[in-house]
Each structure stands twice: as structure tokens, then as C-alpha cells.
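Since the structure comes first, as C-alpha cells, the remarks are kept for the end.
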Amino acid sequence: MDSDFLNAFTQPSTVDQFLNETVIAKGEKRKLLKPTSSNNPKLEQLKLFLIDWINRTLQEEHIVVKSLEEDLFDGLVLHHLLEKLGSLKLDVDKIALTEKKQRQKLSVIMEAVAKCLQLEESQLKWSVESILTKDLLSTLHLLVAIAKHFNPSLALPPNVQVETITIENTSRGLKASNAVENITDNKESTEAQSNDAFDELFSRAPDKLEAVKKVFLQFVNQHVGKLGLSVKDIESQFSDGVILLILIGQLEGYFLNLRNFFLTPASTTEMLHNVNLALDLLADGGLLNFSVNSEDIVKGDMKSTMRILYCLYSKYKTKEA
């Protein structure tokens, strides 16, 4: 066995587990997530985000995804997702029980995805076999590509990088090589291309910040005050997404069913759900044309929160005037 293969893992027990769970034929090469990626918090955030996005998208179909690895490999969820997002009608059975049927179904789905995304086979970072065998790396690449194509305003968690290991079964044994791979876009490069008035405000005119916050607070309270609510602090009172959802509902005329969001979120996951729902509503209404990291809102990032409020303020201030 190649010595680099052993060095690719942190513990010998991990090697044994990998060999027991992974079968690589002679001459075959496979790229996988390194086991150490399970400790990557950004990766976990992306997985939770995608699960939440799928569940919200397929809510009317009463489909609930709990695990990307276990719930997508048979093609059922992907089938519904493509029909919902792309208004596609795929000539496949809704439910495929046997592995043969699942492989056939995934083949049709993968062809439809490649056609929609206008990708050649050499550009694909997934395959029928990798999805069928519950390969998380391939599943993440596939879902991110679908999300970016059908919902470009979706605020995917940025800067998600993972460690990968490529295993090749050669005549001399297993050979391995390590690499770092991007799953989502780099936030820094995106921000460098899209500096806006708020960057200027925070960096060059901090003395005017309080005046801008006062204008936003007055605007917000004018609308949520009708429901007996009061906002005094932008930094903290928008972090759980509740006030933001209520404000959007008041301005855009949405009736937000209490079953669709958490009125009293008790965890970061529930807060992220609320914020992501708010961002989706803004994007659907054509009010959000830039990328927003929902985690920044939850963390109380002032600049991100003010950008969101400005989307609403810029549309409705003229109507009020």
C-alpha cells in the first residue's frame, strides 16, 4: 500500500473504516471527502442550509429531508425538486424501489440537470453512481449547482471549502492524493466586486451611521408598530428573522402562516430558517439582487442587516411620500 495513503488520514482506525466502507475496483479512481471534514463547521452549515432550502421548496409536496446522504440517493427528492424549480416533467416513476430502477431514474435526472445547466459531461462534478452510492461531495456539488441556476439570489453560505482525497487502485496498490476543494463561491472575491454605499458609510463616514440607523428604525416602526411591536436596536432585534419576516409581510402583503417560521426561535438553526425564508421572499419579490450570508444576519452584522432593510426602504419610502 502506498505510504501516502496512510498519511492521508489522521488515525489508523480511520483507514480501516475507510477500507471497509469503500470499494474501489482495479484501475478506478474516486474523489471523496476526507473523514476529517466531519469537523468542518462551514460544511455543516451548508448541509443544514441545503436541507432547509429543500424542505421549504418542497413543503407543498410534504417531503421532509433530514440527511443529504440518506434522503437523495434514490432520486425521489431530486425528481420533485427539478419539477418544482424548473417546471420540468420527467418521464420517470415517482418511486423507484430497486437499485436498477433508481439508477435508471437518476440517469434521466442527471441528463435533465446537465441540459438545464448547459454543462458537458466533463464539467460535471457528480455522476449517477456517485449520487446512488450516497457520496456527499457529489451531492453537495449537485445541489449547489441546482440552487445557483434556479435561484441565483439564494444566499448560499460562502467560502465553504473541504479537504478531499483522491484514491486510485493501481497494480501496485492504493495511491492517494490530497486537495482542498471549493463547494461555494469565495465571499471575499464577491465582495471585492460589489462594494456599495454601506461600505463607504462604515469606512469613510461613520459619523453619519447613527442618522441612517434612525431613519431605518423610524421606517420599520411605522409598519410593525401597527401590530404593537417596537424596534429599538437594529443589531440585535433582526438577528432571529422574526421582525424581518413581519416587516416583509406588512409591506409586501404576505400572510405568513405561523407553521412556516419560528415565532420564538430557540436555536441558531431556527433563526437561520427564519432569515433564509425572509431572504427568499425578498428574492422572489425582486428586491434582493445581491448575495447575503444569512449567518451574518443571525450574528447581528450591522452592515448586512442594513443592506436588507434598505431593499425595503428604497421601494416603499417613495410610496409613503
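The values are calculated or read from the model by the stated rules, or taken from the named source; none is laboratory data. A quick note: this is a predicted structure, and the numbers were derived from the prediction, not measured. Methodologically, a virtual Cβ is constructed for each residue, glycine included, from the backbone with ideal geometry; neighbour enumeration extends over all protein chains shown. The protein model used for the area step is the full one, side chains on, heavy atoms only, and it has no ligands, DNA or RNA in it. Shrake-Rupley method; radii C 1.70, N 1.55, O 1.52, S 1.80 Å.
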I'd like to verify a number: residues in segment 1-50 that are at pLDDT 50 or above, outside any helix (DSSP H, G or I) and not small (Gly, Ala, Ser), how many?
12
Mind listing just one residue for me: the one in segment 143-156 that is without any contact (Cβ under 8 Å) to a residue 40 or more places away in the chain and assigned to a helix (DSSP H, G or I) and, of those, surrounded by the most Cβ atoms within 10 Å (Cβ to Cβ)?
Ala145
Which one is least open to solvent (accessible area, probe 1.4 Å), of the residues in segment 31-60 that are free of Cβ contacts under 8 Å to residues at least 60 places away in the same chain and of a type in the set (A, V, I, L, M)?
Leu58
Segment 157-169 residues that are over 23 Å from Glu44 (Cβ atoms), paired with ones that are among the small types (Gly, Ala, Ser) and modelled with pLDDT of 85 or more (beta carbon under 7 Å, 6 or more apart)
none
Subset of segment 265-290 that is at pLDDT 85 or above and assigned to a loop (DSSP other than H, G, I, E, B) - its residue that is nearest to Glu252 (Cα to Cα):
Pro265
Please determine, by comparing only the residues of segment 171-184 that are out of contact with any strand residue (DSSP E or B) (no Cβ under 8 Å at 6 or more places or on another chain) and open to solvent by less than 30 Å² (accessible area, probe 1.4 Å), which one is farthest from Glu44 (Cα to Cα).
Gly173
Give me the pairs, please: first residue somewhere in segment 225-237 and touching a residue at least 12 places away in the same chain (Cβ under 8 Å), second residue anywhere and part of a loop (DSSP other than H, G, I, E, B), beta-carbon distance under 6 Å, and either six or more positions apart or on two chains.
Glu235/Gly300; Ser236/Gly300
Output the residue which, of all residues in segment 233-250 that are open to solvent by 30 Å² or more (accessible area, probe 1.4 Å) and not polar (S, T, N, Q), is modelled with the lowest pLDDT.
Glu235
Taking Ser230 as the residue in question, decide whether it is modelled with pLDDT of 90 or more, open to solvent by 50 Å² or more (accessible area, probe 1.4 Å) and assigned to a loop (DSSP other than H, G, I, E, B).
yes
Verdict on Lys94 being charged (D, E, K, R) and in a helix (DSSP H, G or I)
no
Given (1) more than 30 Å from Val180 (Cβ to Cβ); (2) open to solvent by less than 20 Å² (accessible area, probe 1.4 Å); (3) not in a loop (DSSP other than H, G, I, E, B), where does Leu140 come up short, assuming only one miss?
(1)
Outside any helix (DSSP H, G or I) and aromatic (Phe, Trp, Tyr): is that true of Phe73 in this structure?
yes
Is there a residue in segment 99-118 that is within 24 Å of the chain's Cα centre (by Cα) and farther than 22 Å from Phe73 by Cα?
yes
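So that you can scan it fast, the table gives a plain yes or no per residue for (1) part of a helix (DSSP H, G or I); (2) modelled with pLDDT under 80:
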| site | (1), (2) |
| --- | --- |
| Ala176 | no, yes |
| Val180 | no, no |
| Glu188 | yes, yes |
| Glu191 | yes, yes |
| Asn195 | no, yes |
| Phe198 | yes, yes |
| Ser203 | yes, yes |
| Lys208 | yes, yes |
| Val212 | yes, no |
Determine whether Ser314 is among the small types (Gly, Ala, Ser) and without any contact (Cβ under 8 Å) to a residue 12 or more places away in the chain.
yes
Conditions first: (1) more than 23 Å from Trp53 (Cα to Cα); (2) open to solvent by less than 40 Å² (accessible area, probe 1.4 Å). Lys105 passes all but one, so which condition is the exception?
(1)
